[in-house]
1. Looking at region 30-49, which of the residues that are over 30 Å from G69 (Cα atoms) and in a loop (DSSP other than H, G, I, E, B) is most open to solvent (accessible area, probe 1.4 Å)?
2. Any idea which of N9, N20 is in a loop (DSSP other than H, G, I, E, B), open to solvent by less than 70 Å² (accessible area, probe 1.4 Å) and either at negative phi or among the hydrophobic types (A, V, I, L, M, F, W, C) (or both)?
Amino acid sequence: MKNGIHPENYRLVVFKDMSNDEVFLCKSTADTKDTIDYEGSTYPLIKMEISSTSHPFYTGKVKLVDTAGRVDKFMNKYKKFAK
């Protein structure tokens, strides 16, 4: 590894999967303004839309996660090209 290119400000951060409310604690340098009380302590919170607990590859279940309406927007945009 090269010296001096890796961050040194690692801290414990809670990651929360918003699709199934699973949480896990690990070290990270990611910045966030949100916090959460977890196991009696307050930690920074990173919200995710998908993680290994909800991803179809790991769960074996096919599930469409479309929180921003991207699929509908795509279908409406290209509807005129349908035969």
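1. Taking region 30-49 as the starting set, the residues that turn out to be over 30 Å from G69 (Cα atoms) are 37-43.
Still in the running and in a loop (DSSP other than H, G, I, E, B): 39-40.
Working: E39: 153, G40: 85 Å².
Across region 30-49, the extreme among qualifying residues is E39.
2. Working: N9 fails: open to solvent by less than 70 Å² (accessible area, probe 1.4 Å).
Just a single option satisfies the conditions, and that option is N20.
The values are calculated or read from the model by the stated rules, or taken from the named source; none is laboratory data. Predicted model, so just to flag it, every value in this text is computed and none were measured. We work out accessible area using only protein heavy atoms, side chains counted, and drop any ligands, DNA or RNA first. Shrake-Rupley method; radii C 1.70, N 1.55, O 1.52, S 1.80 Å.
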